[in-house]
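The values are calculated or read from the model by the stated rules, or taken from the named source; none is laboratory data. Because the structure is a prediction, the values reported are computed rather than measured. For neighbour counting, all protein chains shown are included, and Cβ atoms are generated from backbone atoms with ideal geometry for every residue, glycine included. Each accessible area value is taken on the protein alone, full model and side chains, heavy atoms only, with ligands, DNA and RNA left out. Shrake-Rupley method; radii C 1.70, N 1.55, O 1.52, S 1.80 Å.
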Amino acid sequence: MSLLFALAAPVLKALPPETAHRATITALKLGLGPAAAEADDPVLAVTLWGRHFANPIGLAAGFDKDAEVVDPMLRLGLGFVEIGSVTPRAQPGNPRPRAFRLPDHQALINRYGFNNRGHAAAVARLEARRLNGAAAPGLLGINVGRNKDSRDPDSDYAAGIRAFARLADYLVVNISSPNTPGLRAMQSREPLQRLLAAATAARADATARPPLLVKIAPDLTPEDLEDVAEVALAAGIDGLIVSNTTIARPAGLPPDLAGEPGGLSGKPLMQPSTAVLRRMAKLLAGRLPLVGVGGVASGADAYAKIRAGASLVQLYTALAYRGPGLVGEIKRDLAGRLRADGFRSVAEAVGADLR
């Protein structure tokens, strides 16, 4: 199956990004995806929130918005898959075109705008997955968002938590996408306090109480990060995901694409997102786990996130450019780097650069 994907890669790259993505989802649903050929190295195992991750490499939200290919993606060898963002009601997202490749920079710009089929469709699909008894090994994160036209965003997030709590190994409150008007303003101190009060209350009322995380932007100021850290600790959530896509445009991007609105992901995001991760790790001083995401395309990148303070690492854009074989490459390289530096586990390496 890996050969099939390799042969299809030139065709997919010739298609518009969103069309290629949809074709990939369809192929995975048809069972045409590859499967990992080797067991995970024990040095990669992570225990977090009382859950066992066979390895710390996961799929970031955005690839599988509607929980269509959770198991095919886990079979690639990922330790966990995060679906979403899912909003209470289905919505089409922003007008097309809304995704743009920057191949010379191994990057993408997207302004999808939380296009998804809504809570009910995702719940039905995940319930069917649970009932068929054939789920692949690995953990499931569910990322919830708000509808673009919502008059009560806090209630949208609370509804997502109530809808998915019994189906998720962890939940994520996404308030950092740049593609929904007003969303990022919810990262400010007072809106964030109100949101997390609603979110934690919704989880307390649910029949299951999975870990609750918040996903933040890489564009926050140092003062913003201090506020987020203080509010997160006071609210009693279980972790932060650092970070979402960026609205910044580093020098050297093609001028015709640099002006496109939306979030930039991929290689240019690696350095700035890791800098924010490192700063947040210093602020939290081990009191909350962090998930590092942004620009990860190699074992060296994953290791840098871990040494900067991440207990888990996610990727997405690099898979679009490099294909499913990248997962195994990252894990093998990461295991080698951990052992070369004398670490017996990922946990021992978390925050090593801060010590």
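Below, the figures for the structure above:
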item: Among beta bridges that DSSP assigns inside the chain, antiparallel share in %, nearest 5; result: 30
item: Within the range 200-327: Cβ-based charge dipole about Cα centre, in debye rounded to nearest 20 (Lys, Arg +1; Asp, Glu -1); result: 500
item: Cα-based convex hull volume of the range 72-120 per residue, rounded to whole Å³; result: 113
item: Rg in Å to one decimal, and Dmax rounded to a whole Å, for the range 121-172 via C-alpha atoms; result: 12.6, 40
item: Residue of ALA158, ALA23, ALA308 that the Gaussian network model of the chain assigns the largest fluctuation, springs spanning Cα pairs under 10 Å; result: ALA23
item: Whole-percent carbon and sulfur share, accessible surface of the chain, 1.4 Å; result: 56
item: Cα gyration tensor shape for the range 75-217, rounded if a/c is under 1.5, else prolate or oblate; result: oblate
item: Heavy-atom surface of the range 146-272, accessible at 1.4 Å and reported per residue (Å²); result: 40
item: Other-chain or far-sequence residues with amide H under 5 Å of VAL293's (modelled H); result: VAL242, SER243, GLN314
item: Whether the range 218-355 is rounded, prolate or oblate, judged on the alpha carbon gyration tensor where a/c under 1.5 counts as rounded; result: oblate
item: Contour excess over end-to-end distance, with Cα ends at ASP152 and ALA208 and 0.36 nm allotted per residue; result: 17.8 nm
item: 222 nm mean residue ellipticity, helices alone, for the chain (DSSP H n ≥ 4; -39,500 (n - 2.57); rounded to 500); result: -12000 deg cm²/dmol
item: Electrostatic dipole magnitude of the range 132-263 [Cβ: Lys, Arg +1; Asp, Glu -1; Cα centre; debye, to 20]; result: 460
item: Dipole of the range 1-100, positive direction: furthest Cα of ALA61, GLY77, ASN94, with charges on the beta-carbon; result: ASN94
item: Options [x] 22.1, 66; [y] 20.3, 63; [z] 18.7, 53 - which one matches Rg and Dmax of the Cα atoms in Å as calculated here; result: [z]
item: 3J(HN,Hα) from dihedral phi, the range 74-85, Karplus parametrisation 6.51/-1.76/1.60, rounded to Hz, x for glycine, proline; result: 4, 5, 5, x, 5, x, 7, 10, 10, 9, x, 6
item: Probe 1.4 Å, accessible area per residue of the range 1-142, Å²; result: 44
item: Interchain or long-range residues, amide H under 5 Å from THR87's placed H; result: GLY118, HIS119, GLY145
item: Selection from LEU167, ALA235, LEU225 lying farthest towards where the dipole of the chain points positive, charges on Cβ; result: LEU167
